[in-house]
Amino acid sequence: MPNFIGSPVKRVEDKRFITGKGRYTDDIVLPGMTYACIVRSEHAHARIKAIDTSAAEAVDGVLAVFTGQDMVDDGILSIPTGWAVGDAMKEPPHYPLAVGKVHHVGDGVAVVIATDKATAQDAAEQVMIEYEPLPAVVDATAALAPDAPIVHDGLDSNLCFDWELGDRDATDRAMAAAHHVTTYELVNQRVVPNAIEPRSAIGHYDPAREELTLYTSSQNPHLIRLLLCAFVWPDLPEHKVRVVSPDVGGGFGSKIFHYPEEVICAWASKKLERPVKWTAARSESFVTDAHGRDHVSTAELGLDAEGNMVALRVKTVANLGAYLSTFAPAVPTYLYGTLLAGQYRTPHIHVNVKGVFTNTVPVDAYRGAGRPEATFLVERVVELAAKELGMDPAELRRKNFIRPDEFPYDTPVALQYDSGNYEGALDKALEMIGYEDFRREQAEARKQGRLLGIGFSSYIEACGIAPSQVVGALGARAGLYESGGIRVHPTGKVEVFTGTHSHGQGHETTFAQIVAHELGIPLENVEVVHGDTSRVPFGMGTYGSRSLAVGGSAIMRALDKVKDKARKIAAHKLEAAEEDVEFVDGTFRVKGTDRTIGFGDVALTAYVPHDYPEGVEPGLDENAFYDPKNFTFPFGTHICTVEVDPDTGVVRILRYVAVDDVGNIINPMIVEGQIHGGIAQGVGQALFEGAVYDETGQPLTGSYMDYTMPRADDLPSFEVGHQVTPCPHNPLGVKGAGEAGTIASTACVVNAVVDALYHRGIRDIPMPLTPERVWRALHAGGDGAAAAAAPAGGNGQA
Amino acid sequence: MSTYAFDYARAQSVDEALTLLAGHDGEARLLAGGHSLIPAMKLRLTAPTLLIDVSGLEDLAAVTLDGGHLAIGALTTHRAVETSELVRTHCPALAEAAAGIGDPQVRNRGTIGGSLAHADPAADYPALVLALDAEIEMTSRDGTRTVSADDFFVDMYTTALAAHEMITRVRIPVLGHGEGAAYAKFANPASRYAVVGVAAKVSLADGTCRAARVAVTGAAPKAFRATAVERRLAGRPLTEAVIAEAVRGLADPNELLSDLSGSAEYRAHLCEVMATRALREAAARAA
């Protein structure tokens, strides 16, 4: 029997994906299907004076036109957020279709439902909406100004919450006493998630059985069902609702959240008693999928004369967009402030975050969610401190690392790191990149006028989200455990049920590897079931690099129950005491004898219990729920080298080395794929991506003609190295790998570019580091202020 | 996104296409590769009532050598231009430019005639046809006429092509002894269209530039010749210093586009950089 754990098994799901046979929500066609087109606001901020739907209703093929008021009148409530940051957090209503006012370009105002898609779109142009345009605010800092337009009626400012973590006084005292303080002001720009599959939803109400099925491109179908039934549509009984998330083409966080279109399709289907489908056009995705990042921060890092970090003080203004999306309040707070210790022993840290409403698309979790923002800030300010102190950036990091014998380590920002070996990962990465040789090459190149640079990013993340009681105390409105089920069929074939959801992660392979390994059966005898609330026990879905650490642990618990029961049955059949029976490679054996019974025979016995142990129930079908004891803490060091073309400002990444410690690895090929994709996404933010609005709130980057995604030819071949420090508190010793690449790579690339240009007087260039920004910095010199004047990307205003 | 409703006709001949075109009073559009037209229709930016599909007219998809000219049929795909032995032999710069258009899917569908007729200010071919002194052959029911590339581009998305005409052929003089051409492109990282693309053709004799043609796309509302640069190069050896001096001030930022992919000031700078690179390579090839 092959050892499946640790084996680079090819992904079983890829056959259907690469042959074009995946089944995504938009592929589903139901009898009597109708099509929804949503009329969206072209204003960033406007009062709705009147809506005339009569012309649209008169179009041949149109079944209905509904407005936000129609839904409210029918008992549809506001979509809540899933997290409360403090008692004073403002939570203005978020109706599935706007009522009274529109709050961002793309806000839904009405829905047209027709017998075909083109007719729905034609008729949508006939919905006449009279607006009273209002002044809009785009930039979060500007939104805090006393005379700023107020996004939401009923609020007296745009401040959603004012949150802090850490000991302010101790931090201030330590900062005042520091030998050197490095100050860094930064913009972590807004980005668009851009999953390759646009969001899609189908509501299918069956009036005979009074049951609703909602198909939706979601990362967490149970959460959608809960939010829909418990909050948005209280008349909808949860036990009469099935939510199915079939194949989903990427999420990156953006498909966690409960979106208006899910409510609209579900509700309209009941009204019309026909299935209603909506699929986003790509241009709709740009203005409706929750965006990511969008912070403006000031960081101050205090160091003593020897280069020991003594204090970190951070002030951040986080743009939340027009509404509070499902995870939005948690991202710039508990997933950000808690990570500001990084890998370092900084004893005093204080962070203040102001969450702010603006007339922009809501901002929520995007691959890494808070942790990339924290890592970018910490790793950039550490890099700058090294430069200002004339210290080698690798050595400044090494000097301040938490040491292996200091774990478990309590940070000043509320986390307890369970394990780590930061110096090991740094040393391995330095060796892989050939640090000393590169510094010589860099010096030589500089003499010829060539600009080479090297950048570091030593990151940590808290994932495996999350211990329910901890997050509950922090304001989460849900638990964050996971479910796992093992159903052994009479023939010994096994179905595995997981409450996590795979939308690119390869769960159907990784989880099957675990089960095949533990039960000693062939991989093809295991089927992983996910994404259907009617088949899978209540689970929390996939985000926060949680699936293996939490969902995999639940499956391990269920496997334990199956093996315990199977051992009882085997012992009975073998006429031996239970403790004398061992389970090896799929066979139960009486220790020290050749008396055996195979797993398949035990399974059959469980369902044909003619000769059966007393007091044991028939069947072999076990469920488990697993609530983690702590977060998991993957870490590592990434190093890249770049060359900057002084004529054009183009940055080329020469090499990229990633040494990640994600704990034990089930499938190294899948982990490497995750690291590769993650790095590409982080590089995208560093060099290419940025959602740009003009000052009136019109998005300027609404298509791939203007929004730059990283492409294969923008990237080098990544050199990936692993270190394994198993997680001490889950049964698999795993931590999570889905976000590590993104968390690390953005700072790594920016650090490398600044390293290439620092001798020219450049200490920062705002992201994305477009050619024009780099060129302007080079020609203006100094602090990149000239670069910030360049168009192309950036935060908020163009 | 769905287009507005439209009719579709697949033309079996140039005559049939032109008859349909003439019969629809400016409401019909020719469909070749469709890589500009269809996206614009799906975004509902344009709404022709009839699409006349000419993509099956194989006679217009050939590259031939016609005396001293390459004759490239209007329906020759970018991929066919890129891989044509005749183009690679007689005008490699054109093949190289074709290889840099869009991505393989675009190159397999998009055509040289479609691109020229569309006259996107950021397309690559306009710089090439200007620098290479090409002629554009246009056909209508009244017959065939030819205009030089210099007279073809009128404004952004506007050309000398009349509503009832279609481009049938592009004729490009083959490079002779002592001649070289090159194209240097600074691609928009998002769209891979040219932020600035400069095509250059030089004729050398005894190490001296007899004549040069330099054309720029992407930078301005329409592709243009850098005639001042051309004049400054004539009669001089193409050294680094001469090129640097000649390209200085190539474009006036006040006349250039300014958008997210580059301000006018940056575009003006890129014009100089790309012109330098194109001229350097063209001179090396001519030598």
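The values are calculated or read from the model by the stated rules, or taken from the named source; none is laboratory data. Everything quoted here is computed from the prediction, not taken from an experiment. Using ideal geometry, Cβ is built from the backbone for each residue, glycine included, and neighbour counts are taken over all protein chains shown.
Within the stretch A:637-676, track down each residue that is part of a loop (DSSP other than H, G, I, E, B), touching a strand residue (DSSP E or B) at 6+ places or on another chain (Cβ under 9 Å) and not charged (D, E, K, R).
If the condition is that a residue be part of a loop (DSSP other than H, G, I, E, B), touching a strand residue (DSSP E or B) at 6+ places or on another chain (Cβ under 9 Å) and not charged (D, E, K, R), then A:P646, A:T648, A:V650, A:V662, A:N664, A:I665, A:I666 are the ones that fit.
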Against the conditions (1) within 14 Å of another protein chain (Cβ to nearest Cβ); (2) touching a strand residue (DSSP E or B) at 6+ places or on another chain (Cβ under 8 Å), where does B:L21 fall short? Just the number, please. (1)
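Give, as residue ranges, the helices (runs of 4 or more DSSP H) completely inside the stretch A:361-434 that count at least 2 residues that are crowded, with 21+ Cβ neighbours inside 10 Å, touching a residue at least 12 places away in the same chain (Cβ under 8 Å) and under 27 Å from the mean Cα position of the chain (by Cα).
On the way: elements: A:371-389, A:393-400, A:422-433.
Those helices (runs of 4 or more DSSP H) span A:371-389, A:422-433.
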Answer yes if at least one residue in the stretch B:244-264 is within 12 Å of chain A (Cβ to nearest Cβ) and of a type in the set (D, E, K, R), and no otherwise. yes
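Scan the stretch A:481-523 for residues that are under 19 Å from the mean Cα position of the chain (by Cα), not in a loop (DSSP other than H, G, I, E, B) and not charged (D, E, K, R) and jot them down.
A:T498, A:H507
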Looking at A:G86, A:G6, A:G61, A:G20 in this structure, which one is on the phi > 0 side of the Ramachandran plot and not assigned by TED's automatic domain parsing to the domain that holds A:E130? A:G6
Of the residues that sit in the stretch A:248-283 and are of a type in the set (A, V, I, L, M) and part of a loop (DSSP other than H, G, I, E, B), which one is surrounded by the fewest Cβ atoms within 10 Å (Cβ to Cβ)? A:A281
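Identify, please: which residue in the stretch A:677-734 is part of a helix (DSSP H, G or I), aliphatic (A, V, I, L, M) and within 11 Å of chain B (Cβ to nearest Cβ) and is, among those, farthest from A:V102 (Cα to Cα)?
Of the stretch A:677-734, the ones part of a helix (DSSP H, G or I) are A:677-688, A:712-714.
Checking which are aliphatic (A, V, I, L, M) leaves us with A:679-680, A:683, A:686-687, A:712.
From the residues that got through so far, the ones that are within 11 Å of chain B (Cβ to nearest Cβ) too are A:687, A:712.
Details: A:L687: 33, A:A712: 39 Å.
Of everything passing the filter in the stretch A:677-734, A:A712 is farthest from A:V102 (Cα to Cα).
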If a residue has to be assigned to a strand (DSSP E or B) and either at pLDDT below 95 or closer than 25 Å to B:L270 by Cβ (or both) to count, how many in the stretch B:167-196 make the cut? 11
Options A:D162, A:D107, A:D147: the member that is of a type in the set (D, E, K, R) and without any contact (Cβ under 8 Å) to a residue 24 or more places away in the chain: A:D147
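Return the residues of the stretch B:1-40 that are under 30 Å from A:K277 (Cα atoms), without any contact (Cβ under 8 Å) to a residue 60 or more places away in the chain and among the small types (G, A, S); say none if nothing qualifies.
Our first condition is that a residue be under 30 Å from A:K277 (Cα atoms); within the stretch B:1-40, this holds for B:1-8, B:34-40.
From the residues that got through so far, the ones that are without any contact (Cβ under 8 Å) to a residue 60 or more places away in the chain too are B:1-8, B:38-40.
Answer for the stretch B:1-40, where residues must be under 30 Å from A:K277 (Cα atoms), without any contact (Cβ under 8 Å) to a residue 60 or more places away in the chain and among the small types (G, A, S): B:S2, B:A5, B:A40.
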With the checklist (1) within 14 Å of chain B (Cβ to nearest Cβ); (2) closer than 17 Å to A:I454 by Cβ; (3) hydrophobic (A, V, I, L, M, F, W, C); (4) over 22 Å from the mean Cα position of the chain (by Cα) in hand, flag the one item A:V642 doesn't pass. (1)
Here the residues within the stretch A:318-339 that are under 23 Å from A:G684 (Cα atoms) and out of contact with any Gly (no Cβ under 8 Å at 6 or more places or on another chain) are A:G321
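Condition first: hydroxyl-bearing (S, T, Y) and either in a strand (DSSP E or B) or under 30 Å from A:R397 (Cβ atoms) (or both). Now tell me which residues in the stretch A:284-320 satisfy that.
Correct list: A:S297, A:T298, A:T316.
Given the options A:E527, A:E578, name the one that is of a type in the set (D, E), modelled with pLDDT of 95 or more, under 25 Å from A:K10 (Cα atoms) and not assigned by TED's automatic domain parsing to the domain that holds A:P372.
Values: A:E578 fails: under 25 Å from A:K10 (Cα atoms).
Among A:E527, A:E578, only A:E527 is of a type in the set (D, E), modelled with pLDDT of 95 or more, under 25 Å from A:K10 (Cα atoms) and not assigned by TED's automatic domain parsing to the domain that holds A:P372.
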Qualifying position, being of a type in the set (G, A, S), farther than 22 Å from B:E230 by Cβ and crowded, with 19+ Cβ neighbours inside 10 Å, among B:S115, B:S140: B:S115
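Looking at the structure I just gave you, is A:A777 aliphatic (A, V, I, L, M), within 22 Å of the chain's Cα centre (by Cα) and part of a helix (DSSP H, G or I)? Please lay out each step first, then the result.
Values: aliphatic (A, V, I, L, M): yes; within 22 Å of the chain's Cα centre (by Cα): no; part of a helix (DSSP H, G or I): yes.
When the stated conditions are applied, A:A777 does not pass them.
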Assess whether A:Q126 counts as being part of a loop (DSSP other than H, G, I, E, B) and crowded, with 16+ Cβ neighbours inside 10 Å. yes
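Quick grid of which residues meet (1) under 30 Å from A:G154 (Cβ atoms); (2) out of contact with any Ser or Thr (no Cβ under 6 Å at 6 or more places or on another chain); (3) in contact (Cβ under 8 Å) with a residue 40 or more places away in the chain:
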position	(1), (2), (3)
A:S7	no, yes, yes
A:Y24	no, yes, yes
A:H43	yes, yes, yes
A:I48	yes, yes, yes
A:H94	yes, no, yes
Among the listed residues A:Q442, A:Q448, which satisfies the condition of being surrounded by fewer than 23 Cβ atoms within 10 Å (Cβ to Cβ) and out of contact with any strand residue (DSSP E or B) (no Cβ under 6 Å at 6 or more places or on another chain)? A:Q448
Of the numbered conditions (1) of a type in the set (V, I, T); (2) out of contact with any helix residue (DSSP H, G or I) (no Cβ under 8 Å at 6 or more places or on another chain); (3) closer than 28 Å to A:H291 by Cβ, A:T171 satisfies every one except a single condition; which is it? (3)
Say whether the condition of being in contact (Cβ under 8 Å) with a residue 12 or more places away in the chain, among the charged types (D, E, K, R) and under 30 Å from A:L214 (Cβ atoms) is met by at least one residue in the stretch A:551-573. yes
Show the residue pairs that are 6+ apart or on different chains and have beta-carbon atoms under 8 Å apart, the first residue being within the stretch A:219-235 and closer than 27 Å to A:S545 by Cα, the second being in a helix (DSSP H, G or I). A:I224/A:E262; A:R225/A:E238; A:L226/A:E238; A:L228/A:E262; A:L228/A:V263; A:L228/A:A266; A:C229/A:E238; A:A230/A:E238
Could you say whether any residue in the stretch A:91-111 is closer than 21 Å to A:I48 by Cα and either at pLDDT below 95 or not assigned by TED's automatic domain parsing to the domain that holds A:E262 (or both)? no
Restricting attention to the stretch B:205-212, does a residue exist that is in contact (Cβ under 8 Å) with a residue 60 or more places away in the chain and among the acidic types (D, E)? no
